[in-house]
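J.: The structure that follows is given in the form of structure tokens.
The values are calculated or read from the model by the stated rules, or taken from the named source; none is laboratory data. Every value quoted in this text rests on a predicted model; they were computed, and no experiment measured them. Cβ sites come from the backbone with ideal geometry, for glycine too, and all protein chains shown count toward neighbours. Surface accessibility is based on the protein's heavy atoms, side chains included, excluding ligands, DNA and RNA. Shrake-Rupley method; radii C 1.70, N 1.55, O 1.52, S 1.80 Å.
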Amino acid sequence: MCAAPGGKTSHIATLMKNSGVLFANDANLKRCTAIIGNLHRLGVNNAVVTNLSGHDFCKTHPNGFDRILLDAPCSGTGVIWKDPSVKMSKDSQDIQRRHTLQRELILTALDALDAKSPTGGYLVYSTCSVLVEENEAVVQYALSKRDCKLVPTGLEIGIPGYTKFRDYRFHPSLELTRRYYPHVHNIDGFFVAKIKKLKNAKSEPKPKPEEKTAAEQQESNAEKTGKFPKSPKQQTKNGKGKKNKNGKK
Ligand SMILES: C[S@@+](CC[C@H](N)C(=O)[O-])C[C@H]1O[C@@H](n2cnc3c(N)ncnc32)[C@H](O)[C@@H]1O
């Protein structure tokens with residue numbers, strides 16, 4: 001769904017051996033030309049390249065795809081070793097913007113899948129970010145908004161995704177997702193989740209207030225205020241939680 005320049009599309013095309021139909025979409029027209037170039041170079045002749053925003057993707061083929069890869073636009077915090085400028089060029093507002101876009105795209109991707117597909121109904125969500133806000137929090141949001149469940153990725157390496165992180169609490173099935181770190185796995189920092197869509201009819205299961213996890217509470221607070229909760233380190237830095245000279249908070 002966010003396919004340029006086409007690295008993963010080319011790999012999928014190789015696995016499909018020019019059978020079936022492979023759609024490669026990207027919102028950036030210039031970057032679409034890179035997909036076309038790569039597919040031509042590799043002799044792929046079963047692919048259709050489209051230039052749509054992911055938001056419109058499900059409108060073209062609602063419930064129409066067997067499998068979707070959403071390799072979402074992200075902060076790139078997993079590839080800092082290749083591009084150290086990421087450390088200086090991204091602030092918390094960038095992360096908030098990406099988190100919002102990722103949540104929109106993951107719902108669109110689920111709406112474009114066919115739950116009744118005899119061979120699929122699967123969405124793979126991935127990022128080259130190591131931030132919980134772009135990974136587990138996005139998947140948790142999808143689980144709360146659509147009838148779907150996490151399934152094993154089938155990947156042999158990688159460590160399980162977080163079910164708890166600082167104040168976040170995620171569904172236990174988040175441990176089926178996989179995280180990768182350069183210093184552990186000698187590859188880019190990466191996150192992968194495989195999701196099975198269970199029903200084509202849209203349903204937004206609304207949790208009762210008492211069922212809201214801390215993370216969901218934070219999510220809705222973040223939606224209201226546009227701000228993520230600060231990490232304990234940031235809170236100390238800003239003086240919150242620090243005692244004043246009289247020993248009072
Ligand atoms: C992580 S890159 C994809 C890399 C690609 N999957 C590969 O393996 O070569 C994310 C892509 O998302 C695209 N993108 C950003 N916003 C988008 C949107 N709203 N809809 C669709 N694509 C979008 C960007 O143009 C960028 O090419």
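J.: Do the conditions hold for Ala47, that is, is it within 18 Å of Ile106 (Cα to Cα) and free of Cβ contacts under 8 Å to residues at least 40 places away in the same chain?
T.: On the way: within 18 Å of Ile106 (Cα to Cα): no; free of Cβ contacts under 8 Å to residues at least 40 places away in the same chain: yes.
So Ala47 fails the test.
J.: For the list (1) more than 12 Å from the ligand (Cβ to nearest atom); (2) among the aromatic types (Phe, Trp, Tyr); (3) under 21 Å from Cys148 (Cβ atoms), I need the number of the one condition that Phe57 fails.
T.: Of the numbered conditions (1) more than 12 Å from the ligand (Cβ to nearest atom); (2) among the aromatic types (Phe, Trp, Tyr); (3) under 21 Å from Cys148 (Cβ atoms), the odd one out for Phe57 is (1).
J.: Run down Leu155, Leu176, Leu143 and say which single residue is more than 15 Å from the chain's Cα centre (by Cα) and surrounded by fewer than 22 Cβ atoms within 10 Å (Cβ to Cβ).
T.: Values: Leu176 fails: more than 15 Å from the chain's Cα centre (by Cα); Leu143 fails: more than 15 Å from the chain's Cα centre (by Cα).
Sole residue among the options that is more than 15 Å from the chain's Cα centre (by Cα) and surrounded by fewer than 22 Cβ atoms within 10 Å (Cβ to Cβ): Leu155.
J.: If I filter region 98-111 for residues that are in a loop (DSSP other than H, G, I, E, B), among the polar types (S, T, N, Q) and either within 10 Å of the ligand (Cβ to nearest atom) or in contact with a strand residue (DSSP E or B) (Cβ under 6 Å, 6 or more places away or on another chain) (or both), do I get at least one hit? Before the answer, list the steps.
T.: Let us first name the residues in region 98-111 that are in a loop (DSSP other than H, G, I, E, B), namely none.
No, the conditions are met nowhere in region 98-111.
J.: Another question, if that's okay. Please go through region 1-31 and pick out each residue that is open to solvent by 30 Å² or more (accessible area, probe 1.4 Å) and more than 10 Å from the ligand (Cβ to nearest atom).
T.: Thr14, Leu15, Met16, Lys17, Asn18, Ser19, Gly20, Val21, Phe23
J.: Are there any helices (runs of 4 or more DSSP H) wholly within region 147-249 with 1 or more residues that are modelled with pLDDT of 50 or more, and if so which? Can you show your working first?
T.: Working: elements: 182-185, 214-225, 232-237.
Answer list for region 147-249: 182-185, 214-225.
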